[in-house]
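Following this message is one structure expressed as structure tokens.
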Amino acid sequence: MCNEMVWIGFEERIEVSSGGMMASIKAYLNETRRPIYSAMLVLPFFLIYHTGTFFLKTTFVNGADAMIMRLLSALSVHSIFASALVLLGCFVVWQIRTRSSWKVDSGKLILLYLESLAFALFLFMIFGWLLVHFSRPAAGGRVQGVLEKLVLYCGAGIYEELVFRAFLLGALLLLFGRLLKFGKNAAAIWATVVGALLFSLFHYVGAGSDHFALSSFAQRALGGLYFSVLFVTRGFGVTAASHALYDILVGLILA
């Protein structure tokens, strides 16, 4: 009887400990989806990209960044920082709409960086080695230096996620869900797949783009699916940081 009581007490402590851990994880996941965490998470990549393009005076910018600038130029907005203003405006609107706190827990922010690195490493292990050794795309345009590549990879993480996940995926969900009257699950699947295909195709359009290859197109489409799932489950900041870190790993380590 005494042994049974000890064992029951031990099981109860395990259940309480497990419940507390799950509650802590849930609280972390909920809190770190606030806009301010996304803003702080992408800030280093944002600074590297924009200061890099300014001081290096490179003729290349990230393709998604260039797309935003072209659209704004049609509205008579001409500035190399036009995309930065769009990003800032999105964060401000997001913060106002959610009415979230501006406070940031530095410990949780560090965990977010580690989480983003883990997601990048996971994708890197799946696609990175195959990308280089089996289906490495033939790059177009002039050869870029290491520092210039680093700058562009940081911009890709931010602005490709802004365009293809925050804007395009949201628009496709509206298209399939509200306009075409698809069911919720069907709309999510179609939006994710179409968005991933458009994301992959984007890498073969414009000056300095890669030459088309079916294998690299398929890998990028799968990467688009991966980032879409990440965007829905963990938000913009983690997705953008993971994307930038993945590009850096592939472009600077395996190149």
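Values in this text are rule-based calculations from the coordinates and carry no lab data. Predicted, not measured: the structure shown is a model, and the values here were computed from it. Here Cβ is always computed from backbone atoms with ideal geometry, including for glycine, and neighbour counts include all displayed protein chains.
Find the relative contact order for region 32-253 and round it to a whole percent, using C-alpha pairs within less than 8 Å whose residues are 6+ positions apart.
Contact order relative to length: 35 percent.
Quick one: net charge around residue 101, please, counting Lys, Arg +1 and Asp, Glu -1 for every other residue with C-beta under 15 Å from its C-beta.
For residues surrounding residue 101, the net value is +4.
Also, I was wondering about something else. Tell me, what HN-Hα J-couplings in whole Hz come from the Karplus equation 6.51 cos²θ - 1.76 cosθ + 1.60 at θ = phi - 60° for each residue of region 87-104, using x for Gly and Pro?
4, 4, x, 5, 5, 5, 4, 4, 5, 5, 5, 7, 6, 7, 5, 8, 6, 10
Compute the signed sum of charges (Lys and Arg +1, Asp and Glu -1) over the other residues within less than 14 Å, Cβ to Cβ, of residue 46.
Charge balance near residue 46 sits at -3.
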